[in-house]
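Colleague: Questions regarding the structure given below will be posed in turn.
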Amino acid sequence: MGIDMTTVGLIGSGHIGGTVARLAVAAGYDVVLSNSRGPETLKDLVDELGPRARAATPAEAAEAGDLVVVTIPLKAYRDVPVEPLAGKVVLDTNNYYPERDGNIPELDSGSATSSELLQRHLPGSRVVKVFNNIFFKHLHALARPAGAADRSALPIAGDDAAAKADATAFLDRIGYDAVDAGTLAESWRYQPDTPAYGTIYSVDPANWEHETPADAATVRDALAAATR
């Protein structure tokens with residue numbers, strides 16, 4: 001990732017977004033947070049994160065970010081601003097939960113992945129799927145410096161090699177290795193209800209209170225074991 005990539009924009013600042021923001025600030029990035037309710041509702045999080053953080057509208061966060069994280073309920077993906085994200089790497093954390101999002105025919109049939117839907121909505125952007133398969137508490141607890149023996153890996157998928165390289169560099173700085181899971185069409189391998197979703201970072205698959213590291217080999221094996 002270019003040395004000039006210093007600002008992370010967040011469209012959505014809930015559990016995963018807030019956790020990515022914390023890790024990014026700790027790694028020396030500036031963050032611009034946004035949500036659907038307005039910048040004033042993010043005051044507590046901005047105060048906690050300190051001088052490297054500020055709140056803005058989704059369009060402003062999209063404009064400000066060198067790298068932009070989209071982390072909102074999937075049903076709202078069409079609300080993501082298109083123009084300010086043109087040419088940018090967009091990290092997509094979304095998952096499809098029909099009970100929350102309603103039924104989406106392309107996803108029910110398997111003819112598309114949720115990240116492919118976001119990529120179609122953002123034709124000028126380069127979407128990389130990441131952070132969707134890990135519980136937010138585990139994401140915060142498992143971050144480790146480069147070279148740590150118990151460092152965990154996260155899968156990434158995307159259709160643009162340079163975008164995946166940028167995502168890998170970002171993950172490295174915030175405390176994770178990356179495993180290339182292929183194209184956006186292949187990102188189903190770590191969607192909900194697959195072996196790589198959530199439980200590989202949990203000591204007890206039935207109780208996600210305690211985290212356990214999952215290295216690149218563990219993630220690769222889980223991706224390979226996925227079935228549709």
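The values are calculated or read from the model by the stated rules, or taken from the named source; none is laboratory data. Since the model is a prediction, treat every value here as computed from it, not as a measurement. Every residue, glycine among them, receives a Cβ derived from its backbone with ideal geometry; neighbour counts consider all protein chains shown. We work out accessible area using only protein heavy atoms, side chains counted, and drop any ligands, DNA or RNA first. Shrake-Rupley method; radii C 1.70, N 1.55, O 1.52, S 1.80 Å.
Colleague: With a/c under 1.5 counting as rounded, go ahead and sort segment 65-171 into rounded, prolate or oblate using the C-alpha gyration tensor (a ≥ b ≥ c being the square roots of the eigenvalues; past the cut-off, prolate if a/b is larger than b/c, else oblate). Before the final figure, lay out each step's value.
Modeller: Details: a/c = 2.04, a/b = 1.35, b/c = 1.51.
Cα axes put segment 65-171 in the oblate bin.
Colleague: Leaving out ligands and nucleic acids, note down the accessible area per residue over segment 3-71 with a 1.4 angstrom probe, in whole Å². Don't skip to the end; give the middle numbers.
Modeller: Values: 2960 Å² over 69 residues.
About 43 Å² of surface per residue is accessible.
Colleague: Rounded, prolate or oblate: pick one for segment 10-136, where a ≥ b ≥ c are the square roots of the eigenvalues of its C-alpha gyration tensor, a/c under 1.5 means rounded, and failing that, prolate if a/b is larger than b/c, else oblate.
Modeller: Working: a/c = 1.90, a/b = 1.60, b/c = 1.18.
Since a/c reaches 1.5 and a/b is larger than b/c, the shape of segment 10-136 is classed as prolate.
Colleague: Let me ask something additional. Please find the FRET efficiency linking residue 121 to residue 225, where r is the Cβ-Cβ separation and R0 is fixed at 22 Å, and quote it to the nearest 0.05. All intermediate terms of the calculation are to be shown ahead of the outcome.
Modeller: Values: r = 30 Å, r/R0 = 1.39.
Taking R0 as 22 Å, the efficiency between residue 121 and residue 225 is 0.10.
Colleague: Taking the mean number of other Cβ atoms within 10 Å as a proxy for protection, how do you rank 219-228, 12-21 from highest to lowest?
Modeller: Going by the mean number of other Cβ atoms within 10 Å, highest first, we get 12-21, 219-228.
Colleague: Suppose all protein chains stay in the model; what accessible area per residue would a 1.4 Å probe give for segment 170-228, in Å²?
Modeller: Accessible area per residue, segment 170-228: 49 Å².
Colleague: Among 43/164; 88/129; 88/164, which pairs are too far apart, with a Cα-Cα distance over 23 Å?
Modeller: Details: 43/164 32 Å; 88/129 14 Å; 88/164 12 Å.
The pairs that break the limit, which is 23 Å between Cα atoms, are 43/164.
Colleague: If you average over every viewing direction, what projected area does the convex hull of the Cα atoms of segment 115-228 give, in nm²?
Modeller: Numbers: hull surface 28.0 nm².
Result: 7.0 nm².
Colleague: So, one more: Would you calculate, for the chain, the mean residue ellipticity at 222 nm contributed by helices, counting each DSSP H stretch of 4 or more residues as -39,500 (n - 2.57) and dividing by all residues, to the nearest 500?
Modeller: My calculation for the chain gives -8500 deg cm²/dmol from helical runs alone.
Colleague: Right, another one. Could you tell me what fraction of 2.2 N^0.38 Å the Cα radius of gyration of segment 1-57 comes to, as a two-decimal ratio?
Modeller: Working: Rg = 10.6 Å, N = 57, 2.2 N^0.38 = 10.2 Å.
Compactness ratio reported: 1.03.
Colleague: If r is the Cβ-Cβ distance from residue 41 to residue 149 and R0 is 35 Å, what FRET efficiency results, to the nearest 0.05? Intermediate values should be presented prior to the final figure.
Modeller: Details: r = 40 Å, r/R0 = 1.15.
Step by step, r from the Cβ atoms, then E = 0.30.
Colleague: Assuming a ≥ b ≥ c are the square roots of the Cα gyration tensor eigenvalues, decide whether the chain counts as rounded (a/c under 1.5), prolate (otherwise, with a/b larger than b/c) or oblate.
Modeller: Working: a/c = 1.41, a/b = 1.12, b/c = 1.26.
It is rounded, given that a/c, with a ≥ b ≥ c, falls under 1.5.
Colleague: Still on this structure, please answer the following. With all protein chains present, how much of the accessible area of segment 94-228 (probe radius 1.4 Å) comes from carbon and sulfur, to the nearest whole percent?
Modeller: Numbers: 3010 of 5880 Å².
Answer for segment 94-228 is 51 percent, counting heavy atoms of protein chains only.
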